[in-house]
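S.K.: Supplied in structure tokens, the structure appears directly below.
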Amino acid sequence: QTAVVELTKENRLTPGGVVLTKIDDQSGEVLQGAVFELQNREGETLQTGLTTGEDGKLAIDGLAPGAYQLVETQAPTGYELDATPIEFEIERSQTAVVELTKENRLTPGGVVLTKIDDQSGEVLQGAVFELQNRE
């Protein structure tokens, strides 16, 4: 008589990863200090406080296959916040890390000049100024 042995083996899905690089939209320089949150495609928050380092990169490992998005919650100092979701997908059996790049625009500045009389302190009308760079 032959006995039957029944075995069960579970396979685990290979987790994936993503690397986001944050850069200046004009110079291409990497930007430190951008803060993101990881969400599923429905917008539910999975991780918060994900910050780009000195190399401008943010890396997340151990992601199960599925659709995700990164949303900027705080721009680097001096830059405009862009909360447009950056969508990406981790595929089954994917071994390569998903690489993303996101640009930021500098926040435009402004100048207000007021010409005053050095004796009376009164505002002088009609003064014309020319704005120049340092060069």
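The values are calculated or read from the model by the stated rules, or taken from the named source; none is laboratory data. Note that the structure is a prediction, hence the values are computed from the model and not measured. FYI the Cβ positions are ideal-geometry reconstructions off the backbone, even for glycines, and counts take in every protein chain you see.
S.K.: Quick one: what pairs do we get from the range 107-135, first residue among the hydroxyl-bearing types (S, T, Y), second surrounded by 10 or more Cβ atoms within 10 Å (Cβ to Cβ) and assigned to a strand (DSSP E or B), C-beta under 8 Å, 6+ apart or different chains?
M.R.: Between residues of the range 107-135 that are among the hydroxyl-bearing types (S, T, Y) and residues that are surrounded by 10 or more Cβ atoms within 10 Å (Cβ to Cβ) and assigned to a strand (DSSP E or B), the close pairs are T107/Y79; T114/V123.
S.K.: Just one of V30, V18, V97 is among the hydrophobic types (A, V, I, L, M, F, W, C) and either touching an Asp or Glu at 6+ places or on another chain (Cβ under 6 Å) or free of Cβ contacts under 8 Å to residues at least 40 places away in the same chain (or both); which is it?
M.R.: Every option except V30 fails the conditions.
S.K.: Identify the residue in the range 1-36 that is assigned to a loop (DSSP other than H, G, I, E, B) and charged (D, E, K, R) and, among all such residues, is farthest from the chain's Cα centre (by Cα).
M.R.: Per the stated criteria, the residue is E6.
S.K.: Could you tell me whether Q26 is surrounded by 13 or more Cβ atoms within 10 Å (Cβ to Cβ) and of a type in the set (S, T, N, Q)?
M.R.: Taking the combined requirement at face value, the residue does not satisfy it.
S.K.: What tally of residues in the range 31-47 results from selecting those that are touching a strand residue (DSSP E or B) at 6+ places or on another chain (Cβ under 6 Å) and under 16 Å from D82 (Cα atoms)?
M.R.: The total comes to 7.
S.K.: Exactly one of (1) under 26 Å from R12 (Cα atoms); (2) touching a Gly at 6+ places or on another chain (Cβ under 8 Å); (3) outside any strand (DSSP E or B) is unmet by G43. Its number?
M.R.: Among (1) under 26 Å from R12 (Cα atoms); (2) touching a Gly at 6+ places or on another chain (Cβ under 8 Å); (3) outside any strand (DSSP E or B), G43 violates only (2).
S.K.: State which residue is modelled with the highest pLDDT when the search covers only the range 94-104 and only residues that are part of a loop (DSSP other than H, G, I, E, B) and either charged (D, E, K, R) or under 11 Å from V19 (Cβ atoms) (or both).
M.R.: V97
S.K.: Of all residues in the range 29-79, count the ones that are modelled with pLDDT under 95 and more than 16 Å from I90 (Cβ to Cβ).
M.R.: Count: 3.
S.K.: Name the residues in the range 105-120 that are part of a loop (DSSP other than H, G, I, E, B), farther than 20 Å from D25 by Cα and either within 45 Å of the chain's Cα centre (by Cα) or at pLDDT below 85 (or both), would you? Working first, answer last.
M.R.: Initially, the range 105-120 is screened for residues part of a loop (DSSP other than H, G, I, E, B), giving 105, 107-115, 117-120.
In the following step, the residues that additionally are farther than 20 Å from D25 by Cα were identified as 111-115, 117-120.
V111, V112, L113, T114, K115, D117, listed by residue number.
Conditions (1) in contact with a Ser or Thr (Cβ under 9 Å, 6 or more places away or on another chain); (2) closer than 20 Å to Q26 by Cα; (3) in a loop (DSSP other than H, G, I, E, B), marked per residue:
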position: G62; (1), (2), (3): no, no, no
position: V71; (1), (2), (3): yes, no, no
position: D82; (1), (2), (3): no, yes, yes
position: F88; (1), (2), (3): no, no, no
position: R92; (1), (2), (3): yes, no, yes
